[in-house]
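Asks: One structure is given below, represented as C-alpha cells, and several questions about it will come after.
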Amino acid sequence: MLSSEPNSFIEPLFNYFKSLSPISEELMIDYRTHCCPITVKKNKFIVSPLDHNAYLFFITSGLVRGFVRNSNKEITTRFSFENEIIGAIRHPDGLESYSTEYLQALEDCHLIRIPYSLIETVYAKFPEAHIIGRKLFAIQYYAASQSAILARIPNAADRYSMFVSKGINYIDRLPIKFQASYLGMRVETLSRIRSKIELPLISNDKF
C-alpha cells in the first residue's frame, strides 16, 4: 500500500543513511525539501553527456547500467541495483558540468534525485553527513577496486567466475550482451563459459 505522506518517497534513502549513521531531523528536512522522486522508463538514459551532471540518484527499484562509447562501441562499466547511490563520473573539484559516462535504465527505475549542491550544504551543516560521506566513499572505492582487479584477470573463464562469486546478486536480470561487454569478451565466449560453469553462491559485494 502506498503511503499517504507527501514525502514518503524519501524514506528508503533515510533508511539507507541510517544503516551508515544516525541522522538528525534537521538533515532529513533538508533532504525532503530539495530531493524529488523520478521515474525513468526501461532503456532511457538517467544521465548522458548531453545532460548537466548536477545530481546523484538513489535507486529505490530497478536496474541501471553505466557505459561509455568508444569508436561507436558501447563499453559497459558497471551495474547498479536497488538501495544504491549512483551518479555519473564527476571530478571532485566540481568544475566539470558533464560526464562521458551514460547511465541507462535496464528496467523501469524509480529513483530519488539528490542535487550535488545539497550534499555540499549538508556537509557544512551536519557532522553525520561527513560520516555518511566517508562510508559511501569507502563503499564506492571498494567496488571500483574489485572492478579493476576483475578487469586484469587474463583468463575469460576465471574472470566470469570472479564476477559471479564476488559481484552480482541479480545476474539473471542482466542481459548477456551487457555482461559480456562488462567482462571484455564476446557474447559467444561468455555463452560457452556459462554453459560449462555451475554458478556458485552469490555474495553481497557489487562491482
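Nothing in this text is a laboratory measurement; each read-out follows from the coordinates by a stated rule. Source: prediction; values computed, not measured. Glycine gets a Cβ as well: all are built from the backbone with ideal geometry, and neighbour counts include every protein chain shown.
Asks: Just how large is the dipole of segment 59-169 about the Cα centre, in debye to the nearest 20, putting +1 at every Lys and Arg Cβ and -1 at every Asp and Glu Cβ?
Replies: That gives a dipole near 280 debye.
Asks: Now a separate question. Per the helix-only calculation at 222 nm, which mean residue ellipticity applies to the chain, given -39500 (n - 2.57) for every DSSP H run of n ≥ 4 and division by its residues, nearest 500 deg cm²/dmol?
Replies: -11500 deg cm²/dmol
Asks: For the chain, modelled as a GNM with alpha-carbon contacts under 10 angstrom, which of Tyr116, Tyr102, Tyr31 fluctuates the most?
Replies: Of Tyr116, Tyr102, Tyr31, the Gaussian network model singles out Tyr116 as fluctuating most.
Asks: Using the Cα centre as the reference, give the magnitude of the dipole from point charges on the C-beta atoms of the chain (Lys, Arg: +1; Asp, Glu: -1; all else neutral), rounded to the nearest 20 debye.
Replies: For the chain, the charge dipole is close to 920 debye.
Asks: What do you get for the angle between helix 127-151 and the principal long axis of the chain? Use alpha-carbon atoms, 0 to 90 degrees, nearest ten.
Replies: It is inclined by approximately 10 degrees.
Asks: If you add up the charges near Arg65, with Lys and Arg at +1 and Asp and Glu at -1, over every other residue whose beta carbon is less than 12 angstrom from its beta carbon, what do you get?
Replies: +2
Asks: Taking amide H positions as placed in the peptide plane 1.01 Å from N, state which residues far from Leu63 in sequence (5 or more) or on other chains have amide H under 5 Å from it.
Replies: Leu106, Glu107
Asks: With θ taken as phi - 60° and the coefficients 6.51, -1.76 and 1.60, list the Karplus ³J(HN,Hα) couplings across segment 67-74 in order, rounded to whole Hz; mark glycine and proline as x.
Replies: So the J values, rounded to whole Hz, are 7, 10, 10, 9, 6, 6, 10, 8.
Asks: Another question, then. Could you give the angle, 0 to 90 degrees to the nearest 10, between helix 116-125's Cα long axis and the longest principal axis of the Cα atoms of the chain?
Replies: Relative to the chain, helix 116-125 is tipped by roughly 50 degrees.
Asks: Rank Thr121, Thr76, Thr39 by mean-square fluctuation in a GNM of the chain with C-alpha springs under 10 angstrom and give only the top-ranked residue.
Replies: Thr121
Asks: Right, next: Taking 8 Å as the Cα distance limit and 6 or more residues as the minimum spacing, I'd like the relative contact order of the chain as a percentage.
Replies: RCO, the chain: 22 percent.
Asks: Identify which of Arg78, Arg192, Arg173 has the largest mean-square fluctuation in a Gaussian network model of the chain, with springs joining Cα atoms closer than 10 Å.
Replies: In the Gaussian network model the winner is Arg192.
Asks: Exposed loop GluC sites (Glu not before Pro) only (DSSP loop, at most 13 other Cβ atoms within 10 Å): please give the longest stretch of the chain free of them, not including the sites.
Replies: For GluC sites (Glu not before Pro) (loop position, at most 13 other Cβ atoms within 10 Å), the longest site-free span of the chain is 97-197.
Asks: What angle, in degrees between 0 and 90 and rounded to the nearest 10, separates the Cα long axis of helix 187-196 from the longest principal axis of the Cα atoms of the chain?
Replies: Helix 187-196 sits at roughly 80 degrees to that axis.
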